[in-house]
Amino acid sequence: QSALTQPASVSASPGQSITISCTGAFGYISGYNFVAWYQQHPGKAPKLIIFDVSNRPSGISTRFSGSKSGNTASLTISGLQPEDESVYYCSSYTRTNTQWVFGGGTKLTVL
Amino acid sequence: QVLLVQSGAEVKKPGASVKLSCKASGYSFDSFDIIWVRQAPGQGLEWMGAISAGSGHTKYAERVQGRVTMTTDTSTNTAYLELRSLRSDDTAVYYCTRNYYGWGGYWGQGTLVTVSS
């Protein structure tokens, strides 16, 4: 069983909203607000878009939002744009294990 | 602005070692941790470890413990990752990233390491 589980893919049309889930095992997500989301375009480095469950770094669009319930974190992207087509990774750690773990990634296709 | 520039691609034979660099600029280098993350071809992200640029304190992933050494040179604002006894499954793009509120807020462009006989 993986520490963080994401759906492999999701698709939607421009202008729509989508939500990507990230379910934690072994204590990840449930006990702490240590959840981040990264966006990675092909051949590029990951880009931090959400940290500590729901915080956006400076410069990140308000169309990206994060939340958490129990052991599942969610990334919501509203008003989908073609440039949102990418792979999204969730990440987490705990106070007792500060090593980051990553979900397997979710490929978002904007149809 | 914060910039991390990594060294160029490497091709190594199994059993060899590789040392990658990550030169930082645009901020106080010794005030932030540098974290190394790798990504095998077509695969997800894997945390390899972290180093406090100021103190040199390190923490490594169990999977590479014993084969990896992370160091920093505060005189040149450069972080290094050395990986020894290379195996084919070490083939990956290696990224350095700077701590931002506990996460990877600034990333280098990545270095492709290919391990092949």
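The values are calculated or read from the model by the stated rules, or taken from the named source; none is laboratory data. Everything numeric here is computed off the predicted structure, so don't read it as measured data. Quick reminder, even Gly has a Cβ in these numbers, built from the backbone with ideal geometry, and neighbours come from all protein chains shown.
Can you confirm whether the range A:95-110 contains a residue that is touching a Pro at 6+ places or on another chain (Cβ under 7 Å) and farther than 17 Å from B:L45 by Cβ? First the steps, then the outcome.
Narrowing the range A:95-110 to residues touching a Pro at 6+ places or on another chain (Cβ under 7 Å): A:106, A:110.
With farther than 17 Å from B:L45 by Cβ added as a condition, the list becomes A:110.
There is at least one residue in the range A:95-110 that is touching a Pro at 6+ places or on another chain (Cβ under 7 Å) and farther than 17 Å from B:L45 by Cβ.
Taken over the range A:27-75, the criterion of being of a type in the set (D, E, K, R), under 24 Å from B:V2 (Cβ atoms) and crowded, with 16+ Cβ neighbours inside 10 Å is satisfied by A:K47, A:R56. Within the range B:75-117, being more than 14 Å from chain A (Cβ to nearest Cβ), out of contact with any Cys (no Cβ under 8 Å at 6 or more places or on another chain) and assigned to a strand (DSSP E or B) holds for B:E82, B:L83, B:V113, B:T114, B:V115. The set of residues in the range A:5-33 that are modelled with pLDDT of 95 or more, under 16 Å from the mean Cα position of the chain (by Cα) and part of a loop (DSSP other than H, G, I, E, B) comprises A:Q6, A:P7, A:A8, A:S17.
Taking the range A:71-111 as the region of interest, the strands (runs of 3 or more DSSP E) fully inside it that hold 2 or more residues being more than 10 Å from every other protein chain (Cβ to nearest Cβ), over 30 Å from B:I51 (Cβ atoms) and in contact (Cβ under 8 Å) with a residue 60 or more places away in the chain are A:106-110. Is it the case that some residue within the range B:59-74 is closer than 22 Å to A:Y38 by Cα, touching a strand residue (DSSP E or B) at 6+ places or on another chain (Cβ under 9 Å) and more than 13 Å from chain A (Cβ to nearest Cβ)? No, the conditions are met nowhere in the range B:59-74.
Taking the listed residues A:S54, A:S2, the one that is within 14 Å of chain B (Cβ to nearest Cβ), in contact with a Lys or Arg (Cβ under 8 Å, 6 or more places away or on another chain) and either modelled with pLDDT under 95 or farther than 24 Å from B:Y94 by Cβ (or both) is A:S54, with no other qualifying. Among the criteria (1) in contact with a Lys or Arg (Cβ under 7 Å, 6 or more places away or on another chain); (2) more than 14 Å from chain A (Cβ to nearest Cβ); (3) in contact (Cβ under 8 Å) with a residue 24 or more places away in the chain, the one B:A53 does not fulfil is (1). Remark: B:V37 falls outside the filter, which requires a residue to be among the aliphatic types (A, V, I, L, M), within 14 Å of B:Y94 (Cα to Cα) and assigned to a loop (DSSP other than H, G, I, E, B).
The C-beta contact set for the range B:72-91 (first residue at positive phi, second residue surrounded by 12 or more Cβ atoms within 10 Å (Cβ to Cβ) and of a type outside the set (S, T, N, Q), distance under 8 angstrom, 6+ apart or interchain) comprises B:N77/B:K23; B:N77/B:A24; B:N77/B:F29; B:S85/B:R67.
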